[in-house]
Amino acid sequence: MQQKTELQSMVQAYFKSLAARDLSQCMDFFAEDANLVFYMGSYRGKAAIEQWHRDRFAADLRVTRIDKINVQDNTVIVNAVATSNRLKAWRLGSLSGTATFRFNGDKINDVKFGLQKAIPLENWR
């Protein structure tokens, strides 16, 4: 088992790569057979996860705030707020949710993005 600070640092580095739109760097965090669950879709393997990232970049997904990071064993749970052009088209300013990362060694093996709360565009600042 890795130390909590190492796993937390890896997740923070992943979010930094996501913000920078660095596809190659983002993909370096994932195991070959990783699984990503987002909303109602599941993406297995690096090719599918790479396409998920391309789609999020095209939608201008932005993590605007990280509220909390909790590490237990090989799992990192992040409470965060995100926005995108697609959300704005649905008249939502942002979504708050959780991202649960499960690691196998130094690679993300599973990640699940879950919704907590939608913030209407007229209430978003």
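The values are calculated or read from the model by the stated rules, or taken from the named source; none is laboratory data. All figures in this text were calculated on a predicted structure; none of them were measured in a lab. Don't worry about glycine lacking a Cβ; one is built from the backbone with ideal geometry, like all the others, and counts go over all protein chains shown.
Here Thr98 meets the list (1) in contact with a Ser or Thr (Cβ under 8 Å, 6 or more places away or on another chain); (2) in a strand (DSSP E or B) almost entirely, failing just condition (1).
Residues in the range 68-83 include at least one that is over 20 Å from Gly41 (Cα atoms), exposed (fewer than 15 other Cβ atoms within 10 Å of the Cβ) and either modelled with pLDDT under 90 or hydroxyl-bearing (Ser, Thr, Tyr) (or both). Checked against the criterion of being exposed (fewer than 13 other Cβ atoms within 10 Å of the Cβ), at pLDDT 95 or above and not aliphatic (A, V, I, L, M), the candidates Ser42, Ser17 yield just one match: Ser42.
Taken over the range 93-106, the criterion of being modelled with pLDDT under 95 and surrounded by 17 or more Cβ atoms within 10 Å (Cβ to Cβ) is satisfied by Gly93, Ser94, Leu95, Gly97. Kindly establish whether Glu50 is modelled with pLDDT of 95 or more, touching a helix residue (DSSP H, G or I) at 6+ places or on another chain (Cβ under 8 Å), loosely packed, with under 15 Cβ neighbours inside 10 Å and among the acidic types (Asp, Glu). When the stated conditions are applied, Glu50 does not pass them.
Residues checked against (1) among the β-branched types (Val, Ile, Thr); (2) within 16 Å of Met10 (Cα to Cα); (3) exposed (fewer than 14 other Cβ atoms within 10 Å of the Cβ):
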{"residue": "Lys88", "(1), (2), (3)": "no, no, no"}
{"residue": "Arg91", "(1), (2), (3)": "no, no, yes"}
{"residue": "Ile108", "(1), (2), (3)": "yes, yes, no"}
{"residue": "Gly114", "(1), (2), (3)": "no, no, yes"}
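If you go through the range 29-87 and pick out every residue that is part of a strand (DSSP E or B), of a type in the set (A, V, I, L, M, F, W, C) and within 24 Å of Asp106 (Cα to Cα), you end up with 14.
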